[in-house]
Amino acid sequence: MPRAPIIAIDGPAGAGKSTSARALAQRIGLCYLDSGALYRAVAWKMCDRKIDLTCQADVEAACAGLQVTWSDAGVCVDGARVTESLRDPDVTLASAVVAAYPGVRNLLIETQRGMAWRGVVAEGRDIGTVVFPDADVKFYLDAAPEVRAVRRARETHRTDTDILLNEIVARDDRDRHRAVAPLLPAADAIVIDSTPLTLSDVIDRMMTEIGRRGLLKRIPET
């Protein structure tokens, strides 16, 4: 039997990855994986333990033996549910720091791969390039920074769109120039500019590619 499909969706913050991946997973009956939530979970643990985030060695040492899990019930760290804390401002800032450390990325790469045996729609910034380089189909979802700032403001109930825009541009620069797993489309990724598109438009385009590859036939029955 061929393995269940792995669908990778990468792209910058605010491009619509989470919404699209969640909707696509629900539509075709695969598990949805938000890799960013896993990095936020590690960041939450570092904040909770008051680890010096500027010290790579301390952060990576604190990750030794850390158990991070993702399920329909939420994100857990060492058995404690932390989903509701993942969008806290200090966790958001910390996640951008810890995500650059190879020890953290190596831990979560293995965590993500371990979740994919039943098939998965996974979204993040290095899913198709590093985590699942053999994914059955890879999408890179992008949008104009101004549009992404408006979307993020709506999502987080913020009104300071100009500040959000600056944060997004700065995050893009960090992600694209980091030494480990920089943000970029996989060579075989299908790039979708969601700037003028609705969610339905994006899902339809993804479904066309998924259908063309015959992946629906390989989705396990639940």
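The values are calculated or read from the model by the stated rules, or taken from the named source; none is laboratory data. Please read these numbers as outputs of a predicted model, since none were measured by experiment. Because the Cβ atoms are built from the backbone with ideal geometry, glycine has one as well, and the counts that use them run over all protein chains shown.
A few notes on this one:
- The residue of the range 157-175 that is surrounded by the most Cβ atoms within 10 Å (Cβ to Cβ), among those that are β-branched (Val, Ile, Thr) and closer than 26 Å to residue 105 by Cα, is 168.
- Of residues in the range 145-156 being closer than 30 Å to residue 213 by Cβ and under 17 Å from the mean Cα position of the chain (by Cα), the one surrounded by the most Cβ atoms within 10 Å (Cβ to Cβ): 148
- From 73, 8, residue being under 30 Å from residue 217 (Cα atoms), touching a helix residue (DSSP H, G or I) at 6+ places or on another chain (Cβ under 9 Å) and assigned by TED's automatic domain parsing to the domain that holds residue 109: 73
- One residue stands out in the range 96-131 among those that are farther than 27 Å from residue 54 by Cβ and of a type in the set (A, V, I, L, M): the one that is surrounded by the most Cβ atoms within 10 Å (Cβ to Cβ), namely 127.
- Residue check, residue 4 without any contact (Cβ under 8 Å) to a residue 40 or more places away in the chain and either over 30 Å from residue 169 (Cβ atoms) or assigned to a loop (DSSP other than H, G, I, E, B) (or both): no
- Matching option when the condition is of a type outside the set (D, E, K, R) and more than 14 Å from residue 38 (Cβ to Cβ), among 161, 83, 111: 161
- Elements of type strands (runs of 3 or more DSSP E) in the range 48-144, at least 3 residues being under 16 Å from the mean Cα position of the chain (by Cα) and at negative phi: 68-71, 120-124, 137-142
- Flag: residue 181 does not match the condition of being modelled with pLDDT of 90 or more, farther than 21 Å from residue 22 by Cβ and not in a helix (DSSP H, G or I).
- Residue 143 among the hydrophobic types (A, V, I, L, M, F, W, C), modelled with pLDDT under 90, in the same structural domain as residue 15 (by TED's automatic domain parsing) and under 20 Å from residue 14 (Cβ atoms): no
- Filter result for residue 195 (part of a loop (DSSP other than H, G, I, E, B) and out of contact with any Phe, Trp or Tyr (no Cβ under 6 Å at 6 or more places or on another chain)): yes
- Residue in the range 198-220 that is outside any helix (DSSP H, G or I), within 19 Å of the chain's Cα centre (by Cα) and not aromatic (Phe, Trp, Tyr) present: no
- Against the criterion of being of a type in the set (Asp, Glu), part of a loop (DSSP other than H, G, I, E, B) and at pLDDT 90 or above, residue 162 does not qualify.
- Residue 55 within 21 Å of residue 86 (Cβ to Cβ) and not assigned by TED's automatic domain parsing to the domain that holds residue 139: no
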